[in-house]
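Let me begin by presenting the structure, written as structure tokens, before commenting on it.
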Amino acid sequence: MQRVLSLLMLLLICLAGAVGGGWLYLNSMMDSPGSRNEPVSLEVAPGSSVRGIAATLEQNDVVGFSSLFEVYVRARGLATRIQAGEYLIAETDSPRDVLQKMVNGRVLLHSVTLVEGWTYWEMLARLAEEEVLTDDVSGLGPEELMSFMGASGGHPEGRFFPDTYHVARGTAASTVLRLAMQRMNDELAQAWSARDPELPLDDPYQVLILASVIEKETALASERPTIAGVFSRRLQKRMRLQTDPTVIYGLGQSFDGNLRKADLERDGPYNTYTRRGLPPTPICLPGREALLAAARPAEGKALYFVATGEDDGSHYFSATLEEHNQAVARYLKKLRQKRREQR
């Protein structure tokens, strides 16, 4: 009997040693990076089994033995805690690192960029092309879009802040728009709170409108406050803004790239050559610099500006119509010269 008990004890010790050794080996495996030479992107679909996930990891050289990975996951009680999503696995990531990413839901984020100066329909078209997004806004008209955003009664133009947003694959396009709308609300509030006391604008929305015009008038950050100053002084003097971008916006998607004299003379809500004051809505997505320029325009006497014709897109600013006409003549002369040189 004593001998039998001794044998049983020996077997238990051997079994414990085997189990302990196996667990040590399993932990060692979990800390050893796979044989990958480059990062891999793997997607865990909702409802995926641990076995299926382990098999996918083995196929992509993330783990050496899928069965051992599955054993470890189940032994640690993590089988139900793995979250669905797309994961980026670096060359140096060990199976333990990968498991931790999946348990914590550290999914791969993709960049979605809204560009300064885009109109809202250009923005929607770009979002529809973004393969990482779920398109739930295409085909919505302006009023439908704003209602879907929870902002019924407004116009979508200019209401979304141009920036890069980082989202997981499968994110709804409307989610990006809600993030951008909140950012614009915040940025506009900051610009309005920092406005010039003498600003000839009645509310933040008018700042947004003017900022969108400034955004379209120049790509040079250094010029934005100066252009804002020109427009502010014209508004104070009840002069028409006479800015081409508003007319172009009014033409909509029918604009063929050539602004004609007849377009400038045809009256409409966005024609600032025939109507005083601001257009009824913004004409694009303005960035932070344009918002701040609209709220705090530069001081000065200039009431006019025209392109210099230089490659940097700069403008010449004038305080009188006579000076402005001379600047326009110089610009047209330079333009004709460039066209001759290109022939």
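Take the residues of region 300-318 that are buried (at least 19 other Cβ atoms within 10 Å of the Cβ) and in contact (Cβ under 8 Å) with a residue 60 or more places away in the chain: which is nearest to Ala219 (Cα to Cα)?
That would be His315.
Are any of the residues in region 77-84 exposed (fewer than 14 other Cβ atoms within 10 Å of the Cβ), modelled with pLDDT of 90 or more, over 35 Å from the mean Cα position of the chain (by Cα) and not aromatic (Phe, Trp, Tyr)?
yes
Would you be able to say whether some residue in region 182-192 is surrounded by fewer than 16 Cβ atoms within 10 Å (Cβ to Cβ) and small (Gly, Ala, Ser)?
Within region 182-192, one or more residues are surrounded by fewer than 16 Cβ atoms within 10 Å (Cβ to Cβ) and small (Gly, Ala, Ser).
Could you pull out every one of the helices (runs of 4 or more DSSP H) wholly within region 74-151 that has 2 or more residues that are of a type in the set (Asp, Glu), free of Cβ contacts under 8 Å to residues at least 12 places away in the same chain and not assigned by TED's automatic domain parsing to the domain that holds Gln59?
Qualifying helices (runs of 4 or more DSSP H): 120-129, 142-148.
May I ask you to verify whether Thr246 is crowded, with 21+ Cβ neighbours inside 10 Å and not assigned by TED's automatic domain parsing to the domain that holds Gly153?
yes
Is there a residue in region 217-224 that is touching an Asp or Glu at 6+ places or on another chain (Cβ under 6 Å), within 30 Å of Asp312 (Cα to Cα) and crowded, with 19+ Cβ neighbours inside 10 Å?
Among the residues of region 217-224, at least one is touching an Asp or Glu at 6+ places or on another chain (Cβ under 6 Å), within 30 Å of Asp312 (Cα to Cα) and crowded, with 19+ Cβ neighbours inside 10 Å, which makes the answer yes.
Just need a number here: residues in region 142-170 that are modelled with pLDDT of 95 or more, more than 17 Å from Thr119 (Cα to Cα) and of a type outside the set (A, V, I, L, M).
Of the residues in that region, 2 qualify.
The values are calculated or read from the model by the stated rules, or taken from the named source; none is laboratory data. Note that the structure is predicted; figures quoted are calculated from it, not measured. Please note: Cβ atoms are built from the backbone with ideal geometry, for glycine as well, and neighbour counts cover all protein chains shown.
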